[in-house]
Every structure is written in structure tokens, then in C-alpha cells.
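These notes concern the structure reproduced below.
Bear in mind these aren't lab numbers, they're just calculated from the coordinates by the rules spelled out. Everything numeric here is computed off the predicted structure, so don't read it as measured data. For neighbour counting, all protein chains shown are included, and Cβ atoms are generated from backbone atoms with ideal geometry for every residue, glycine included.
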Amino acid sequence: MKILFFTINCNWYPHFVTELELMLQHKRKGHQVFVVRCLGEIENCISNPKSEQRKCKKCIKRFNRGIRKVKLIRSNIINLPAKSVSSRIPKKFQDFKELKGFKIDDANLGMGVISTLISIINDYKFDTIEYKDEIFKLLRTAFYIYRAFLKILNDIKPDLVYIFNGRFSELHAAIKACEKLSIPYKTHDRGANIFKYSTYDNCLPHSIENIKKEIENCWQKSDDNNYELGKKWFRDRRAHVDQAWPSFIKDQKNYLLPDSFDKSKHNIAIFNSSLDEYEAIPEWANPIYDNEIKALYKIFEDFKDNEDYHFYLRVHPNLRRSKINNRQLEEIRNIKNQRYKNVDIIWPDDPIDTYSLLDNCDKSLVFCSTIGVEACFWNKPAILAGRAIYEDLECAYIAKSHDDLLELIKSDLKPKDKEGAIKYGYWQSVRGVPFKYFKPDGYFEGRFLNENLKFSKIEKLQKQLKAIKKHFKKKLKSIKN
């Protein structure tokens with residue numbers, strides 16, 4: 001078999017070493033392994049959006065270290081071809097809809113650009129006119145990669161292609177090239193924890209339908225320990241244990257509720273989501289509302305004169321990393337400015353305990369948040385007003401329309417059976433494949449074949465000297481004090 005890797009994001013270390021891991025596995029099976037690399041030809045990429053020369057050099061050095069460890073033959077390392085320019089790339093787009101639908105040669109490149117720019121500027125509804133220059137550069141890169149990858153695929157004729165994640169513009173373009181030529185591909189990303197990675201056949205890691213099948217297959221193949229592992233995932237999450245990513249709620253205070261909490265009311269907890277990762281993926285489009293913000297306005301307007309109900313909007317703790325001008329936070333501040341008497345907003349860095357809120361409210365409302373399935377496990381009814389990978393597991397009440405949602409909020413809902421939630425927890429606990437050659441040491445560090453490829457010997461020495469200097473500065477400061 002011929003296996004091709006598109007290895008251009010070496011600065012994102014865990015994902016780079018995942019590709020090295022897979023290369024070595026295929027090599028030891030006797031497969032021909034080819035790798036496409038970047039020597040600075042790409043104008044911008046998700047790991048170096050500003051095209052900083054320092055980052056380019058670091059990426060190239062890291063690639064070379066990794067390839068030496070894998071012992072890939074030089075003739076199987078493929079440089080990107082000369083750049084091609086398209087006059088069909090518009091200088092500006094009037095709105096999101098126009099950009100989302102932008103295609104060249106039937107390949108939708110606009111979606112990847114939107115997803116990339118959302119992640120770079122951390123704004124899920126950026127102004128396409130204001131960011132026209134950034135959009136143009138990203139589209140130019142996407143078109144270049146699309147055409148370059150088509151040529152490489154035609155030359156190599158691989159049986160399988162590996163691409164990290166797939167939602168960013170340059171990676172999305174490579175996927176579109178594979179799809180154009182009907183060449184199978186796998187995307188890869190993190191697994192259940194730092195010791196595992198996951199691969200996905202001919203789809204993005206975010207594919208709802210693919211994950212639904214994976215959850216069922218995982219459960220069917222499970223052993224007698226499946227229930228305990230499924231339950232443990234929920235308990236660990238509540239206990240602030242780090243899992244696939246560090247826990248977002250470590251700074252919250254156990255059992256802390258808002259001062260205004262009144263148990264005599266019908267209390268509804270609303271758990272929103274950070275909208276950056278899924279906004280540009282069509283499968284995740286909300287079937288009821290244009291977006292969460294419009295949904296919140298409609299709900300709060302419909303209940304603004306009903307003093308029997310009180311809503312607590314828990315803004316996702318992940319949004320605390322956002323800048324002050326993040327569109328999503330700005331829109332939530334605008335909701336606060338409406339001064340709804342029966343709405344409290346709990347901000348990302350507020351120490352109010354998410355799980356205490358879940359326990360004490362009558363029901364929870366989510367749009368795609370994982371807390372919807374967690375509510376089921378903790379014997380609380382949850383309403384889902386959007387898409388989620390647990391939507392078919394019978395662990396939440398699914399709203400079909402706005403009127404249906406209002407009726408569910410007003411209804412006396414009983415907790416759903418836990419089995420679907422436990423299936424979900426089990427899948428989250430075991431998903432992915434254990435690394436064989438990479439030994440992680442935290443979320444962003446680790447040794448591949450017993451070597452940390454992030455640093456050369458000189459860089460390691462510089463890092464050690466920097467640490468020693470920092471230590472003595474701290475000591476000197478304490479002596480002076």
C-alpha cells in the first residue's frame with residue numbers, strides 16, 4: 001500500500017508526533033510511506049497564521065528531526081510544487097453566506113477559511129468586509145494547496161491519505177482534493193486522553209453521524225467493565241479531573257450558587273457553548289435557530305413577564321480565554337443590558353459551581369453542550385435545542401421548534417434513563433488508539449522513540465539556562481524582600 005501524509009503543522013507537537021507514530025506503524029507493516037512537507041511555500045497556516053519566519057524555521061527543523069527518527073527515505077519526502085495563482089478569488093465577500101458558498105472547481109474552500117479565521121480571531125461572526133485581506137490570503141493559500149495536492153495525488157496515487165483534523169483552510173483544501181479524486185483519507189486528532197489518538201475514515205473528527213456509529217460500535221464491543229468505566233467518566237469530570245483536555249472548571253467553588261437563587265421559583269439552567277469550533281461545520285447547524293444568541297433572546301422575551309420562572313445562563317468557562325471584544329461575549333453582554341428581571345448571567349470566570357447549578361435547577365437547556373448528557377447521568381432532565389453527538393441516546397428531551405421548546409420548559413419533565421448517558425461516558429473513556437512509540441508528558445510535551453523532538457540540543461540547553469536564570473531571579477527577589 002502507498003500511504004501519504006500531509007505533514008505541515010509540526011509546531012503543533014502532539015499532532016505532529018501522531019503522524020510520526022502512524023508513519024512508523026505503516027512502515028513496519030511494509031507499506032510505502034510518503035510525506036508532503038512545507039519549506040515555507042504556504043503563505044499562512046493555522047499554526048503560523050502571521051507567517052512568522054521564526055515559526056517557519058522551527059517547524060522545518062522539527063519536521064527534519066521527526067523524519068530522521070522514522071528513517072523515511074529522501075525520495076519519499078515530497079516538496080510542495082511551485083505556487084499557482086487564481087484570478088477567480090474575489091477581493092472581498094459581502095457576508096458569511098457568500099463566503100460559505102465559495103467554490104473553485106466545485107471544491108468549497110470558503111468553509112475552511114471561515115473555520116480558520118474564527119479560530120484565529122476568536123470571533124464566530126466576524127465582519128467579512130473588515131477582514132477581507134485576511135480572507136483573501138487564506139483563500140489564496142487554500143487554492144494553492146488544493147491545486148498542489150491534486151498534482152501530488154495524481155503523481156503518487158496513494159491508497160490512503162492522513163490529514164490532521166481537516167477543518168482548517170489548508171487542511172480542508174487537501175481533503176477536498178482527496179474527495180475530488182475519490183482517494184480514501186483519514187483525519188486524526190486527540191483520543192480519550194493524552195495517551196491516545198483517534199482517526200476518522202473519510203470525514204472530520206466533528207462528524208455527528210460518524211461519532212454516533214462509533215459510540216454504538218464501541219458499546220457493542222465492550223466488556224463487563226463498560227458500565228463502571230462509563231460512570232467513572234462522569235464522576236471524574238465532576239471532580240475536575242483532566243481528561244482529553246484540562247478541566248475548564250477547576251477554579252469553581254464546590255456547592256456555590258448565585259446569591260439570588262430562589263428555590264421557590266421554576267429555575268432553569270442554560271448552558272451555552274463556545275461557538276468557534278463548530279460554527280463553520282454544516283452538520284452542526286442548529287435546526288431551530290440561526291444561532292444561540294437569537295435563541296436566548298426569543299426565550300427571554302417570551303418569559304420576561306413570567307415571574308414564576310428564573311433563568312441562569314452559565315457562560316461556557318472556555319470563553320474566559322476570549323478577548324474583551326469577542327463577538328459572542330459582546331452579544332451576551334447586550335442580553336444583560338436588556339435587564340431581564342428573571343435572568344442571571346454567570347460569566348466564564350465566575351466561581352459559581354456548574355454542577356451545583358445543575359443539581360438545584362429544575363431542568364437544564366443546552367444547544368450542543370456536553371452538560372446535556374451529564375445532566376441525564378446526574379438524574380436531572382435536560383432539553384436539547386440543537387445538535388449533539390448524544391442526540392440519539394435518549395438522554396435528553398429534543399426540542400423540534402421554538403414553541404416545542406417553550407412547552408418543554410413549562411412541562412414537568414422526568415429524568416431520562418441513564419443507559420444512553422453511560423454509553424456516551426464509556427465511549428469518551430476508551431475512544432482512540434494508545435500510542436506505541438510516543439510517550440506523552442502532559443498535553444503538549446512528550447518523547448517519540450525516547451526523544452523530545454520539540455527542541456534541538458542547543459534549544460534544550462537554552463531552555464535549561466532560561467529556567468536557571470528564572471530560578472535565581474526569584475531567589476534574589478525573595479532575599480531583597
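For the chain, the longest principal axis of the Cα atoms and the long axis of helix 110-121 meet at an angle of about 70 degrees. Within the straight-line cut-off of under 20 Å between alpha carbons, the aspartates and glutamates reachable from Lys69 are Glu19, Glu21, Asp441, Glu445, Glu451, Glu459, sequence neighbours fewer than 8 places apart in one chain being disregarded.
Ordering of 276-287, 214-225, 157-168 by packing is 157-168, 276-287, 214-225, highest average first (other Cβ atoms within 10 Å, averaged per residue). Rounded to the nearest 10 degrees, the inclination of helix 292-303 to the longest alpha-carbon principal axis of the chain is 0 degrees.
So how do Trp378, Trp427 line up by other beta-carbon neighbours within 10 Å, fewest first?
Values: Trp378 18, Trp427 25.
So the residues, fewest neighbours to most, are Trp378, Trp427.
Relative contact order of the chain: 15 percent, from C-alpha pairs under 8 Å at least 6 residues apart in sequence. Between Tyr131 and any residue 5 or more places off or on another chain, the built amide H atoms are never under 5 Å apart.
Compute the signed sum of charges (Lys and Arg +1, Asp and Glu -1) over the other residues within less than 12 Å, Cβ to Cβ, of Ala173. Could the numbers behind the result be given before it?
Numbers: positive: Lys103, Arg140, Arg147, Arg167, Lys176, Lys180; negative: Asp105, Glu170, Glu179.
Combined, the nearby Lys, Arg, Asp and Glu give +3.
Under a 5 Å amide H cut-off, with hydrogens placed 1.01 Å from N, Val343 pairs with Phe311 among residues at least 5 apart or on other chains. Karplus-derived 3J(HN,Hα) values for segment 329-342, using 6.51 cos²θ - 1.76 cosθ + 1.60 with θ = phi - 60°, are 5, 4, 5, 5, 4, 5, 4, 4, 5, 6, 6, 5, 5, 10 Hz; glycine and proline are entered as x.
Taking the Cα centre of the chain as origin and charging only Cβ (+1 Lys, Arg; -1 Asp, Glu), how large is the dipole, in debye to the nearest 20?
Details: 86 positive and 64 negative charges, 778 e Å.
Charge dipole of the chain: 3740 debye, to the nearest 20.
Net charge dipole, segment 1-150: roughly 960 debye, given to the nearest 20, about the Cα centre with Cβ charges of +1 for Lys and Arg and -1 for Asp and Glu. Placing a label point 7 Å from the Cα of Asn379 along the Cα-to-Cβ line, the residues of segment 399-439 whose backbone N sits under 17 Å from it are 413-422. Centroid-to-centroid, using Cα positions, segment 200-275 and segment 163-191 are 27 Å apart. Shape verdict for segment 1-155, please, from the Cα gyration tensor: rounded (a/c under 1.5), prolate (a/b greater than b/c) or oblate. Judged from the Cα gyration tensor, segment 1-155 comes out prolate (a/c at least 1.5, a/b above b/c).
Ranked from highest to lowest mean number of other Cβ atoms within 10 Å per residue, what is the order of the peptides 116-124, 148-156, 54-62, 75-83?
Numbers: 116-124: 20.8, 148-156: 18.2, 54-62: 16.6, 75-83: 13.9.
In descending order of packing, they fall as 116-124, 148-156, 54-62, 75-83.
Mind jotting down the distance between the C-alpha centroids of segment 410-429 and segment 309-386, whole Å? First find each Cα centre; the distance between them is then 19 Å. When peptides 300-313, 255-268 are sorted by average Cβ neighbour count within 10 Å, with the highest value leading, the order is 300-313, 255-268. Can you bin the chain into rounded, prolate or oblate? Criterion: square roots of the alpha carbon gyration tensor eigenvalues sorted a ≥ b ≥ c, rounded for a/c under 1.5, prolate for a/b above b/c, oblate for the rest. Note, shape of the chain comes out prolate. For the pair Glu179 and Lys97, label points projected 7 Å from Cα toward Cβ lie 2.2 nm apart. Beta-bridge orientation, segment 2-217: approximately 35 percent antiparallel, per DSSP, counting only bridges with both partners inside.
Considering only Ser247, Pro14, Ile78, and ranking their Cα positions along the charge dipole of the chain that arises from unit charges at the beta-carbon of Lys, Arg, Asp and Glu, the one farthest toward the positive end is Ile78.
Given the Cα-Cα distance of Asp417 and Arg447 and 0.36 nm per residue of separation, how much length would full extension add, in nm?
6.5 nm
Name the shape class, rounded, prolate or oblate, that the alpha-carbon gyration tensor gives for segment 116-214, where a ≥ b ≥ c are the square roots of its eigenvalues, rounded holds for a/c under 1.5, and otherwise prolate holds if a/b is larger than b/c and oblate otherwise.
On the way: a/c = 2.34, a/b = 1.18, b/c = 1.99.
Here segment 116-214 falls in the oblate category.
Between the residues Ile299, Ala285, Thr128, the greatest Cα displacement towards the positive end of the dipole of the chain, with unit charges on the Cβ of Lys, Arg, Asp and Glu, is found for Thr128. Computed from the C-beta positions of Asp392 and Asn254 and an R0 of 56 Å, the FRET efficiency is 0.95 to the nearest 0.05. In order along segment 263-277, phi translates into HN-Hα couplings of 5, 7, 8, 7, 8, 10, 8, 10, 10, 8, 10, 6, 8, 5, 6 Hz, rounded to whole numbers, per the Karplus curve 6.51 cos²θ - 1.76 cosθ + 1.60 with θ = phi - 60° and x for Gly and Pro. The phi torsions of segment 202-207, fed into the Karplus equation with coefficients 6.51, -1.76 and 1.60 and a -60° offset, translate into couplings of 6, 7, 7, x, 8, 5 Hz, rounded to whole numbers, with Gly and Pro shown as x.
Relative contact order (percent) for segment 2-217, with alpha-carbon contacts under 8 angstrom and 6 or more residues of separation? In percent, rounded to a whole number, it is 20. Among Lys454, Lys418, Lys341, the order by Cβ neighbours within 10 angstrom, fewest to most, reads Lys341, Lys418, Lys454.
For the chain, the residue among Gly66, Pro381, Asn267 whose Cα projects farthest onto the positive side of the dipole built from Cβ charges is Gly66.
Note on segment 318-446: Lys pairs 8 or more places apart or on different chains, Cα atoms under 21 Å apart, count 19.
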